[in-house]
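The values are calculated or read from the model by the stated rules, or taken from the named source; none is laboratory data. The model shown is predicted, which means the values in this text are computed figures rather than measured ones. Note that each Cβ is placed from the backbone with ideal geometry, even for glycine, and that neighbours are counted across all protein chains shown.
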Amino acid sequence: MTTRSTELLRVAHARPGVTRAEAARLLGVGTGAATELVSRLAQQSLLAEAPAAPSGSRGRPTTVLVPHPAGPLVVAVAITHEAWRADVVELGGKALASTRGPHGGESWVAVTALVTAAVEQLRETYGDRLRAMGLSVPGTVSPDLRLDASGLDWHDIDLNSLWPPLSSTVVLVAGNDATLAAAAESTRGAATGAAVALHLRIEGGLGGAVVDQGRVLVGARGAGGEFGHMPFGDPAITCGCGASGCWGTAVDGTALARLLGQPEPPDPVSYARRIIAATTEPERTAVRTVAAALGRGMAGLVNALDADLVTLGGVGVDLLAAAGPEINAAYRAGLMSVRRTTPPPILPATLGDDGPIAGAGEEAWARLITQLP
Ligand SMILES: [Zn+2]
């Protein structure tokens, strides 16, 4: 496909509802060339046009670029510590279908069976239109798609094992959930347009990513962003990663359980949400302690990275709503005075729990567009 066709698909994907005239302007081509490009992509069943809503002004009616009704689709899959979900996503990022269920922290083999059955079901509806899979997982992913999720005791898992049911598919991409959520937050969420965005996500542990001018820093081996394993926590606590004093162990559900003298919860995310929502005093005290640990660490990262904003996802959204003052007080106290006059804002991730799956869909679409038709 010509570079301009690829660029036009990128514009249609990034700006759902863009008019043909606006797309031509963004590509720097004339209206005649744009019309020709659109009709070629329509012949290939990649793009379609629809009448634009009347603007009220006079002049020739324009059209908006929309996904082709028989066009390619991606399956975005998110596996979390407790559940799985699969969405079918069309050009422009809209989900056409969504299916989900719990997995209860089972073995990888059991989770694979659940996910592949769901994808098979989606294939019965959408057939060969499903051309790519984007996968979000709660661990680190190597360039050859091997997963290590210490929290779930899943080690050296070959993610290509999710591949066979999609034999007609050409693209499989996979990434860490927090990294994908950071990417999505910078593309379609609260960090859109930021120069340097820091995204932190609390689930079982804490992850995240730095997005520099729209580009996620993934590290040399794709395992960057493990902020939860910086030694901002209690050195007496050993983390599942093997290190001691990890920050993640001071801010997640296991931290709340420890503070409350309760055993480590098997469902740290649901557990954390229950405790954060509680109104009784021991729980409130534990939540305030965790909030302060979160704010203090964020200050350290902002001092180091000079981020212009911080977005919080996962349980971080709940924590910010329930203990925003405690997070902010610890954050401000830890900031260098030069940063304190206008502290980079701490914002809840607008994509919320959808961040990882949105990022997986975006990643799959980004790769698929380069390989169409
Ligand atoms: Zn650790």
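Data overview
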item: Given (1) at pLDDT below 95; (2) closer than 21 Å to Ala209 by Cβ; (3) not acidic (Asp, Glu), number of the condition Arg340 does not satisfy; result: (2)
item: Strands (runs of 3 or more DSSP E) fully within the stretch 25-137 counting 1 or more residues that are among the polar types (S, T, N, Q) and in contact with a Leu (Cβ under 8 Å, 6 or more places away or on another chain); result: 95-102, 130-137
item: Qualifying position, being in a helix (DSSP H, G or I), among the β-branched types (Val, Ile, Thr) and either within 26 Å of Pro265 (Cα to Cα) or in contact with a Pro (Cβ under 7 Å, 6 or more places away or on another chain) (or both), among Thr179, Thr187; result: Thr179
item: Residue within the stretch 250-266 that is touching a residue at least 24 places away in the same chain (Cβ under 8 Å), surrounded by 14 or more Cβ atoms within 10 Å (Cβ to Cβ) and closer than 21 Å to His155 by Cβ present; result: yes
item: Only one of Arg40, Arg85 that is surrounded by 13 or more Cβ atoms within 10 Å (Cβ to Cβ), among the basic types (Lys, Arg) and within 30 Å of Ala209 (Cβ to Cβ); result: Arg85
item: Qualifying positions in the stretch 168-209 - in contact with a Phe, Trp or Tyr (Cβ under 8 Å, 6 or more places away or on another chain) and buried (at least 24 other Cβ atoms within 10 Å of the Cβ); result: Leu200, Leu206, Gly207, Gly208
item: Yes/no for Ala42 being free of Cβ contacts under 8 Å to residues at least 60 places away in the same chain and touching a Lys or Arg at 6+ places or on another chain (Cβ under 9 Å); result: no
item: Residue within the stretch 356-370 that is surrounded by fewer than 20 Cβ atoms within 10 Å (Cβ to Cβ), modelled with pLDDT under 95 and in contact with a Ser or Thr (Cβ under 7 Å, 6 or more places away or on another chain) present; result: yes
item: Helices (runs of 4 or more DSSP H) fully within the stretch 294-373 counting 3 or more residues that are in contact (Cβ under 8 Å) with a residue 24 or more places away in the chain and farther than 30 Å from Arg131 by Cβ; result: 315-334
item: Selection count, the stretch 234-255, where residues are more than 25 Å from the chain's Cα centre (by Cα) and outside any loop (DSSP other than H, G, I, E, B); result: 2
item: Residue that is within 16 Å of the ligand (Cβ to nearest atom), farther than 30 Å from Thr280 by Cβ and outside the structural domain of Val290 (by TED's automatic domain parsing), where the choices are Asp158, Asp153; result: Asp153
item: Matching residues in the stretch 196-238 - criterion: being acidic (Asp, Glu), more than 13 Å from the ligand (Cβ to nearest atom) and within 19 Å of Arg146 (Cβ to Cβ); result: none
item: Sole residue being of a type in the set (S, T, N, Q), more than 12 Å from the ligand (Cβ to nearest atom) and either surrounded by fewer than 17 Cβ atoms within 10 Å (Cβ to Cβ) or touching a residue at least 60 places away in the same chain (Cβ under 8 Å) (or both), chosen from Ser270, Ser244; result: Ser270
item: Of all residues in the stretch 12-34 being crowded, with 16+ Cβ neighbours inside 10 Å and of a type in the set (Val, Ile, Thr), the one that is farthest from Ala53 (Cα to Cα); result: Val29
